[in-house]
1. Please report, ordered by residue number, the strands (runs of 3 or more DSSP E) entirely within segment A:55-118 with at least 2 residues that are β-branched (Val, Ile, Thr).
2. If a residue counts only when it is within 12 Å of chain B (Cβ to nearest Cβ), which helices (runs of 4 or more DSSP H) contained entirely in segment A:122-239 have at least 3 such residues?
3. Restricting to segment A:202-239, give me the number of residues that are open to solvent by less than 20 Å² (accessible area, probe 1.4 Å) and among the acidic types (Asp, Glu).
4. If the Cβ limit is 6 Å and pairs must be 6+ apart or interchain, which residue in segment A:301-312 that is farther than 13 Å from A:ARG291 by Cβ and of a type outside the set (A, V, I, L, M) pairs with which residue that is in a helix (DSSP H, G or I) and open to solvent by 50 Å² or more (accessible area, probe 1.4 Å)?
5. Here's a check for you: in segment B:186-219, which residue that is polar (S, T, N, Q) and under 17 Å from the mean Cα position of the chain (by Cα) is modelled with the lowest pLDDT?
6. Pairs needed: first member in segment B:16-29, farther than 8 Å from B:ALA72 by Cα and within 12 Å of chain A (Cβ to nearest Cβ); second member anywhere, among the charged types (D, E, K, R) and buried (at least 18 other Cβ atoms within 10 Å of the Cβ); C-beta distance under 9 Å; at least 6 residues apart or different chains.
7. Could you tell me whether B:ALA209 is in contact with a helix residue (DSSP H, G or I) (Cβ under 8 Å, 6 or more places away or on another chain), away from every other protein chain (no Cβ under 13 Å), not in a helix (DSSP H, G or I) and not β-branched (Val, Ile, Thr)?
8. Could you tell me whether segment B:53-64 includes any residue that is away from chain A (no Cβ under 13 Å) and closer than 25 Å to A:GLY214 by Cα?
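The values are calculated or read from the model by the stated rules, or taken from the named source; none is laboratory data. Model, not experiment: these values are computed from the prediction. Using ideal geometry, Cβ is built from the backbone for each residue, glycine included, and neighbour counts are taken over all protein chains shown. Surface accessibility is based on the protein's heavy atoms, side chains included, excluding ligands, DNA and RNA. Shrake-Rupley method; radii C 1.70, N 1.55, O 1.52, S 1.80 Å.
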Amino acid sequence: MTNDLYTPKERLLRKLRGESADRAPVICPGGMLNSAIVEVMEHTGHVLPDGHTDAELMALLAKDIAELTGFENYGVPFCMTVEAEALGSIIDLGSLVCEPKINKERFASVSEALIELPETAGDNPRVAVTASAIHMLSGGDMPVIGSITGPISTAASLVDPMTFLKELRKDKDNAHKVLTAITDWLISYALVLRESGADIICIADPTATGEILGPRFFEEYAVTYINKLADGIRATGTPVIVHICGQLSSVSQHVSEIKSDAISTDAMVNLRNLKSKYPELTTMGNLSTIRLEQGNPEGVIRNTDILLRYGIDILAPACGLGTATPLKNIAAFTQRAKLGIGS
Amino acid sequence: MTREQELHQALSDAVLDMDEDLTEELAKKVIEEGFDAYAAIDAGLADGMERAGVLFEDGEYFVPELILCADAMYRALDVLKPHIKVEEQAVKPRAIIGVVEGDTHDIGKNLVRIMTEAGGFEIIDIGRDVPPNVFIDRAIEENAEIIMISTLMTTTMTNMAKVIELLNERGLRDKFKVMVGGGPISQAYADRIGADGYSKNAAEAVRLAKSLLGMEVAK
């Protein structure tokens with residue numbers, strides 16, 4: 001690996017700009033795309049849930065992960081609850097093995113949520129922890145990714161999700177108003193992370209799937225607000241990765257409308273087909289996290305080789321890593337990925 | 001078509017059209033005109049939900065539509081339920097449903113609850129973020145025949161296997177049928193952890209629950 005032409009940061013940024021590189025980077029952005037596995041935390045003692053509220057611990061854990069797994073980035077935070085907590089929902093920070101989760105959404109309906117959300121994110125304590133961790137991680141050869149929750153998922157963490165989903169149809173005006181306000185807040189949050197030193201922002205919006213919303217609402221809500229968020233971030237020159245969960249079959253015509261510097265997908269999506277259909281897309285993914293958690297290194301290597309043969313631009317797990325994922329499987333993935341094609 | 005059949009058809013259509021005001025109005029007519037409440041639930045509301053389930057499986061309806069259909073069904077159900085005759089209150093098969101520990105995503109679980117309730121089950125919803133032992137304790141308490149376990153996250157799916165492991169440890173495995181489902185789950189995973197069945201969506205879950213209990217499965 002001493003023969004690498006680029007630093008991890010240069011390589012990833014080149015790929016995100018659509019430029020060539022010596023090989024595909026292999027990364028795990030954090031956030032929904034969880035990278036904090038128990039084996040790493042037990043090895044170093046830099047543990048969750050404490051690391052969710054302690055910037056130094058968060059930064060140390062991000063470094064441990066990169067060092068032990070071989071992923072070529074730092075990625076924080078390690079959950080999808082910073083946004084919902086900052087906006088007033090009740091959070092359970094989880095445990096060593098369980099990720100943080102929403103305990104109680106703040107609002108019962110979108111019309112209740114038509115209140116003034118804080119205009120900027122900067123003052124919130126959990127935003128401050130993430131920002132400060134990013135500051136500690138930034139400036140080196142490793143790209144620092146700030147991972148944020150997309151607008152639809154943030155809205156469904158603030159408003160009871162069953163009600164929120166039906167109000168996308170039944171109370172469109174208020175649903176759009178709430179999503180606009182949330183997206184503005186998310187832009188301000190992303191810019192705080194950027195100013196703290198994040199090189200890249202990764203948006204994951206797992207509620208915004210074709211299976212849940214259907215193609216019409218995917219276009220009307222998911223594409224609209226993910227693009228608004230991505231535009232707000234990209235306007236500052238910071239590249240954006242968008243992770244879309246689930247099958248893309250019912251919404252594939254809209255995927256190319258998403259304004260991002262790379263699209264990351266779930267394991268069931270055939271990235272080679274997506275690439276051939278939309279050659280201009282930068283693709284990221286999509287090694288099965290079930291394979292990573294329950295398989296063995298040989299199986300992981302076989303899957304990695306397939307992704308390399310397909311010419312996927314950025315290699316990454318297809319979803320959040322199960323916290324019980326064995327380190328040896330992840331190491332098999334990153335080591336193989338770094339050998340590149342022809343291995 | 002008799003007047004009663006007309007009302008049943010209209011109820012079924014109103015559920016499918018997500019029109020909760022109309023289902024309530026029609027339910028009131030059923031009662032006012034002296035028709036049987038149970039038959040209206042069965043041939044009207046449940047039929048409408050079943051049709052909604054078909055559209056959901058065909059990719060014409062998605063989650064927002066299915067929830068709105070359910071709202072329309074429940075509005076009418078509130079009107080009709082108090083009028084069900086005692087002798088018609090057949091004992092329904094009971095099932096426990098919940099989302100595994102570590103996961104608070106409950107949309108899928110709620111959809112399965114709605115569809116299986118509409119399909120004639122009594123569902124005890126034990127919520128989200130449920131520890132493995134609680135599934136079992138509540139299933140015993142509630143005299144349930146089926147335990148339905150849901151998760152959305154790959155990071156928590158292993159907690160499904162724990163419920164089955166605990167059933168084995170406690171010598172209770174053959175007391176319950178175990179159904180699993182959710183985004184990352186597959187038939188292969190269900191087989192591997194020793195579940196009795198997997199369904200990929202809420203409409204399929206109704207058929208699975210019925211077939212696991214040896215009940216007649218429509219269509």
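1. By residue number, A:90-92.
2. A:151-158, A:161-170, A:210-217
3. Here the count works out to 1.
4. Qualifying pairs under 6 Å: A:TYR310/A:ARG272.
5. This residue is B:ASN201.
6. none
7. no
8. Within segment B:53-64 (the criterion being away from chain A (no Cβ under 13 Å) and closer than 25 Å to A:GLY214 by Cα), the answer is yes, since at least one residue qualifies.
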